[in-house]
Each structure stands twice: as C-alpha cells, then as structure tokens.
Amino acid sequence: METHARVPLGVAVGLAGCWVLFALIVREPALDSPGFATVWPAGGVAALWFLLRAARPLSIDTALLAAAAVGVNMVLGADPPLNGVFTVTNVAQTLFAAWLLRRWCPGLWGCGGDRPLDRPRMLPRFGTALAVASAAGALLGTAGAALVTGQPDVMAGVLFFGRNLVSALIVVTLGIVLGHWLSRPRPRPSLLHDATVVELVAATVFTGAMYGLAFAFDALPLVFPLLGATVWFGLRFSTVVGAAHSFAVGVATQTLTMTGVGPFAAVERSDVGSLLAEFYIATIVVTGLALSTGRDERQALAVELRRTQQEAVYQVSIREAVIGSMTEGLFVLDDTGELLVHNAAAAEIFGLPVAGLTWQELATRSGRWVDGVPMSEAERPSVRALTGEAVHDAELLVKRGDGTDGVVSVSAIPLPRDQLRGRSRALVLFRDISTEHARREELATFAGVVAHDLRNPLAAIDGWTEMLADELDAHTLTPDLTREFVSRVQSSSRRMHQLIRDLLAHATSGQRDLEVGQVDIAELVGEVAAARHAELQVSVEPVPPVLADPVLMRQVLDNLVGNALKYVAPGVEPQVTVRGCRSDTRMVTVNVADNGIGIPPGEQERIFEEFHRAHERDYEGSGLGLAIVRRIIARHDGTIVVRPNPTGQGSVFEFTLPAYD
Ligand code: ADP
C-alpha cells in the first residue's frame with residue numbers, strides 16, 4: 001500500500017519538461033549516435049517521475065514520455081526507425097527502473113514506503129535496481145540500433161549504460177531524499193544537520209576551489225582532492241544537502257567533460273574520457289550516500305540508545321519509588337545468597353541498618369517458625385522459592401537488631417531465571433505481624449477464659465437443678481431445701497450476668513470513640529456512691545477538672561469504688577477516700593484509697609491483667625474490672641498504679657488524667 005500520495009499530474013508534466021530540457025541541452029557532439037547518447041541526465045528524471053507517479057505501462061505518464069522521446073529524438077536528428085528504437089528503449093527502461101525500485105526497496109519513500117534513505121544496507125539494492133534497469137535499457141537500445149543500422153556499436157551501448165546509471169543515481173537519489181524531507185511535517189529537520197551556514201559556505205567554496213583547480217590544471221592528476229569535498233558534505237550536512245552536492249558536482253563534471261574541459265576530457269579518446277567521468281561521478285555519489293546514510297544510522301542508533309537509557313533510568317526511578325514506599329519488607333535473592341534488591345522496610349522490620357544488609361544476617365535472625373520450632377534450611381520460604389515453589393503467608397519468628405522478638409508473615413515467589421548469569425532468583429515479601437499475632441494470642445486466651453468462666457456458673461446451675469429434681473422425685477424436698485437450691489441457682493446466674501456485663505464493658509471500652517469534655521471526678525464519685533447506697537462509706541474531696549469521656553470515667557470510678565467497698569475483711573466497715581490534685585501543668589492525679597485487705601505482694605501489676613484475680617476464693621468477680629480501668633485510663637493518655645495505703649491498712653489506686661485547662 002502506498003504510504004505517501006502519488007504526486008499530481010502537474011508535477012509529472014513538470015518532470016517531463018525537465019526531461020525534454022535535459023535531453024535537448026545536454027548533448028555530446030563528439031559521439032556518433034546523438035539521439036541515443038544525449039539523453040543525459042534525462043534518464044534519471046524520467047525514472048524519478050515514474051517512481052513518484054507509480055506509473056503503469058498503460059498510463060498517461062507513459063504516453064507523455066513516449067511523445068516527449070519521439071519529439072526529442074526527431075529534434076536530435078534520429079531517423080524514424082532509430083527514433084522508434086530509442087523511444088521504446090527510453091520508455092521501457094524507465095518503467096523497468098521504477099518497477100524494480102518499488103519491488104526491491106518497498107519501504108523507501110517514493111518506492112511505496114515512508115522510510116528515508118538512511119541506512120547503508122539499503123544502498124546495494126537501490127544501486128543494483130538502477131544498474132539493472134540501465135543495463136537492460138543499454139542492451140535493448142544497442143540491439144535495436146544494431147538491427148536498424150546493421151552495425152552493432154558496443155561502445156555506444158556501454159556509454160549509454162554509464163550515463164543512464166549515473167543520471168539515475170544522482171537524480172533519483174536527490175529526488176527521493178528531497179521528497180522525503182519535504183513530506184515531513186514542519187518544523188522539518190535542519191538541512192544543515194549539525195553544521196552552520198558558515199561551514200556550508202566554506203564547504204561550497206572548498207568544492208568550487210578544488211573542482212576549479214582539477215579542471216583548470218588538467219595536466220596534473222588533481223582529481224583525488226575532489227573526494228575530500230564529498231566526504232565533507234557526506235559527514236557534516238544532511239543527506240539532502242549531500243545528495244544535492246553530488247548532483248551539482250556530477251552535472252558539472254559531466255558537462256565540463258562533454259565540453260572538452262578538465263582531466264576526463266584530456267584523455268585521448270573522448271568516449272573513454274566520458275566513461276571515466278561517469279565512473280568518477282558514480283563513485284562520488286555512492287561514497288557521499290554511504291557516508292551520510294552511515295552517519296544517519298549511527299545517529300538514529302545513538303538517539304535510540306539515549307531514549308532507551310532514559311526509559312531505563314525512568315523505570316528504575318519508578319521501581320525504586322514504589323519499592324521504597326512499601327511498608328512491606330521486600331528483597332530479591334539469588335541462589336548464591338546474594339541480596340540483589342531490598343527496600344528500607346526490609347531492614348526496618350528486622351531493626352537493622354538499611355546499608356550493608358545481607359541475606360545471611362536475615363537468615364540467622366529468622367530461623368524459627370512462629371511456634372518456636374527451628375526451621376531446616378530446605379524449609380525456608382526463600383529457599384523453597386529458589387527451587388521454584390511459591391510460598392504464601394508463612395509465619396516466622398524473628399530476632400530483631402535490638403534483641404526483641406517479632407513475628408513476620410512471609411510470602412516467597414520464584415522469579416524468572418537470570419539467563420545471563422545462570423542463577424535462580426526469588427522475590428520475598430514480608431510484613432511485621434507482631435502486634436496482630438499478640439492480639440490473636442490474647443484473643444485466644446481471652447476466649448478460653450471466657451468459655452471457662454461462663455461454664456463454671458452454668459455447671460453449678462446444672463448441678464443444683466439436678467439435685468432439686470432428685471429431691472423432688474424422692475419427695476424429700478422441703479421448703480428450706482428448695483430456698484437453698486434456688487438461692488444457689490440465683491447466685492450462679494448473677495455471676496453469669498456480672499461476667500457478661502463485664503465482657504461487654506471490656507469489649508466496648510477499647511472501641512467506643514472518646515467524647516471528651518470537662519469532667520468533675522468528685523461529682524461522679526458522689527453519683528457512683530449514691531447508686532451503691534454507700535454515701536456514708538465514701539468520702540470525696542474536690543478534684544481539679546479533667547478532660548475526659550464522662551461515660552467511660554463513670555465506669556472507671558464505679559470499678560475502683562466498687563472494689564474498694566468489696567475487698568474488705570469480714571466485719572470491717574469499708575472507708576473509701578477520693579482526692580485529687582494537679583500533678584504537673586498538664587495532668588491531674590486522682591487517689592482512691594481504701595481500708596480493705598490490700599493487694600498481696602507481687603500482685604500489684606498482675607491485677608490489671610484480664611481475668612487475673614488476687615482473692616479468688618472469698619470474693620465474687622470476673623477479674624475484668626481493673627483491665628477495663630487500665631485500658632480506659634491509657635486511652636486518655638494517663639497511667640494507673642496501686643500501692644499499699646500509707647496508713648498501713650488497705651490500698652491506694654492512683655491514676656492520672658489530662659487536666660481540663
Ligand atoms: P474482680 O473484682 O471482678 O475480681 P478486678 O479486675 O476489678 O476484678 O480486680 C482484680 C483483682 O484485684 C481482684 O480479684 C482483687 O483480687 C484485686 N483487687 C482489686 N481491687 C482491690 C482492692 N481495692 N483491694 C484489694 N484487692 C483488690
């Protein structure tokens with residue numbers, strides 16, 4: 001498919017005009033077969049014309065060229081039979097050249113594609129197509145002329161081939177590179193390429209001077225410096241300017257040679273001189289093209305390389321940003337134990353410095369499963385991934401840099417093998433689940449204790465109701481016995497109620513959103529005491545206002561005051577005192593002192609744990625109250641401790657809360 005539009009007929013007519021003009025003005029009087037030999041460089045113009053128009057054998061272009069050829073040959077004095085031969089030769093050769101180029105260089109602009117002539121490896125096909133077409137034209141023309149005149153003129157055929165090839169080389173090349181350049185969207189690439197106008201002027205002056213010297217002093221072999229000009233143009237300017245230079249010096253060389261000026265005309269036989277000139281022009285055209293296309297190709301490769309490098313740098317920066325911002329630890333390991341990539345989180349999770357992190361270090365710090373069982377080398381998730389097995393969410397114990405233990409969840413995925421170094425690679429992802437794991441453990445214990453503590457009163461209810469039934473069956477049930485059984489059942493059910501209430505309070509104390517405001521602790525204590533009908537046992541002194549959640553504060557005080565009233569020795573009248581003061585600029589300290597049984601030594605810390613009870617036997621309770629209190633105080637950024645009452649009897653629970661102002 002054509003990737004560029006065929007040029008309009010107007011351009012074809014223009015090119016036909018050029019063809020006629022060239023055919024008429026460029027003539028070589030020294031040659032015997034005028035019509036045959038003087039169509040130079042018209043052959044190239046016709047080939048370009050047919051190429052750009054994608055002309056077919058039966059087309060207006062063919063008719064136009066045939067008519068022009070007949071006319072020109074008539075003007076040049078060819079008799080009708082020879083005119084016929086030359087016309088057929090001209091048209092056939094042109095069609096053949098265009099056809100060959102479109103077949104052999106289909107990607108090239110003007111030949112059906114849109115590529116510029118920018119790679120040296122395109123040149124052999126391009127040149128061969130033109131050479132084959134010119135050779136075919138020369139053969140056809142020579143054979144036809146020989147048939148008409150009866151005397152074969154081999155030299156004329158060779159000259160015809162040389163001229164048409166050279167003509168095609170300079171004209172078609174210039175036409176294609178110029179056409180491609182014109183077809184580019186604006187702004188078009190610079191014609192000067194890397195060079196400046198000054199350099200162009202210098203190179204042109206140099207060319208003029210060298211050609212002037214070589215053609216003025218034709219007795220001296222001064223042709224070789226001419227190649228310097230071609231090299232200059234080929235290396236420093238765009239292909240368009242290089243091709244234009246080759247065109248100009250080619251036309252000048254051939255014209256001067258035909259008019260008897262210069263080193264080629266100085267050769268004894270004019271036809272040999274002419275052939276040499278053609279050979280010379282073909283050499284400079286091909287040399288110039290090879291240089292400029294070679295440079296274009298190098299430049300395209302350099303641009304591509306730069307683009308690839310930039311792309312690679314960009315990809316690496318993205319990768320690093322993504323990996324660096326991950327909270328999950330990540331590393332890539334190969335089977336030699338080398339850590340190829342790792343992120344900051346990987347080092348942080350292990351509590352190690354990011355720089356200098358090694359796989360050996362990580363491995364020694366993570367050699368046990370979460371239950372503490374040591375892990376064999378082959379069981380390691382990373383080692384398994386290196387052998388091609390994907391591992392998901394394996395839980396491992398890790399020993400952190402600061403000596404503390406942690407738990408990580410590890411996934412390891414095999415990566416494609418590094419073919420270059422022949423190594424297996426694995427991607428290892430892991431995250432710190434220490435808190436999650438501790439929470440899970442806590443929950444499991446919690447559930448276990450809950451189940452146990454709920455089952456106890458239930459078992460008691462079962463037991464007492466069974467005994468009740470037995471007594472009923474045996475008709476031995478007395479009202480006193482019944483009262484006794486019922487009261488036991490009621491007590492067990494009360495315990496269950498209490499436990500369920502405490503469990504609910506425990507669950508909500510950590511989850512409910514804090515709604516803080518000004519709270520008067522003394523007022524709350526008064527309310528709690530009143531609700532427990534213990535106004536006489538509880539005395540309270542004014543406490544500076546605190547910033548707290550009133551609902552949760554009431555829960556705290558109810559638990560503390562309730563315990564203070566509950567944990568007293570039998571027969572002792574409980575006495576509870578609540579006071580508070582500003583401990584520092586920010587906090588208020590509140591004391592709840594009692595005259596109770598006190599906390600056994602070594603239990604001061606543990607009584608704040610869930611379900612821990614220091615006086616299990618004689619006092620009812622769930623062991624959750626102080627755990628709830630500690631959690632609520634902690635949520636208010638305060639602390640709570642217990643110490644023996646300085647009076648020598650009972651305990652003092654002391655907690656801090658943020659001051660209101
Ligand atoms: P509960 O009172 O339901 O057993 P708590 O969490 O409120 O649970 O208290 C935990 C334990 O701390 C109690 O079982 C008790 O042994 C001890 N304790 C709490 N408050 C006092 C106190 N004022 N005097 C003596 N011991 C106390």
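The values are calculated or read from the model by the stated rules, or taken from the named source; none is laboratory data. Bear in mind that the values here come from a model prediction, so they are computed numbers and not experimental data. Neighbour counts run over all protein chains shown; Cβ positions are idealised from the backbone, glycine included. Protein only, heavy atoms only, side chains kept; ligands, DNA and RNA dropped before computing areas. Shrake-Rupley method; radii C 1.70, N 1.55, O 1.52, S 1.80 Å.
Among the criteria (1) modelled with pLDDT of 95 or more; (2) assigned to a loop (DSSP other than H, G, I, E, B); (3) under 24 Å from ARG495 (Cβ atoms), the one LEU565 does not fulfil is (2). Scanning the range 147-180 for residues that are open to solvent by 50 Å² or more (accessible area, probe 1.4 Å) and out of contact with any Ser or Thr (no Cβ under 8 Å at 6 or more places or on another chain) returns LEU147, VAL148, THR149, GLY150, GLN151, MET155, VAL158, LEU178.
Results for (1) of a type in the set (A, V, I, L, M, F, W, C); (2) in a helix (DSSP H, G or I); (3) more than 22 Å from LEU95 (Cα to Cα); (4) under 60 Å from the mean Cα position of the chain (by Cα), shown as yes or no for each residue.
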| residue | (1), (2), (3), (4) |
| --- | --- |
| GLY127 | no, yes, no, yes |
| LEU130 | yes, yes, no, yes |
| ALA133 | yes, yes, no, yes |
| LEU139 | yes, yes, no, no |
| LEU147 | yes, yes, yes, no |
| GLY157 | no, yes, no, no |
| PHE160 | yes, yes, no, no |
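Once the range 588-609 is narrowed to residues that are more than 8 Å from the ligand (Cβ to nearest atom) and under 60 Å from the mean Cα position of the chain (by Cα), the residue that is nearest to VAL540 (Cα to Cα) is VAL590.
Listed residues SER539, SER509; which is part of a helix (DSSP H, G or I), open to solvent by less than 70 Å² (accessible area, probe 1.4 Å) and within 16 Å of the ligand (Cβ to nearest atom)? Lay out the reasoning, then the answer.
Working: SER539 fails: part of a helix (DSSP H, G or I).
Going through SER539, SER509 in turn, just one is part of a helix (DSSP H, G or I), open to solvent by less than 70 Å² (accessible area, probe 1.4 Å) and within 16 Å of the ligand (Cβ to nearest atom): SER509.
What tally of residues in the range 578-621 results from selecting those that are of a type in the set (Gly, Ala, Ser) and farther than 15 Å from GLY562 by Cα? Selection size over the range 578-621: 4. Out of all the residues in the range 426-444, is one or more surrounded by fewer than 14 Cβ atoms within 10 Å (Cβ to Cβ) and at pLDDT 90 or above? There is at least one residue in the range 426-444 that is surrounded by fewer than 14 Cβ atoms within 10 Å (Cβ to Cβ) and at pLDDT 90 or above. Exactly one residue out of ARG501, ARG488, ARG483 is open to solvent by 70 Å² or more (accessible area, probe 1.4 Å), outside the structural domain of LYS566 (by TED's automatic domain parsing), part of a helix (DSSP H, G or I) and touching a residue at least 24 places away in the same chain (Cβ under 8 Å): that is ARG488. If you go through the range 234-278 and keep only what is buried (at least 24 other Cβ atoms within 10 Å of the Cβ), closer than 27 Å to HIS180 by Cα and aromatic (Phe, Trp, Tyr), you end up with just PHE237.
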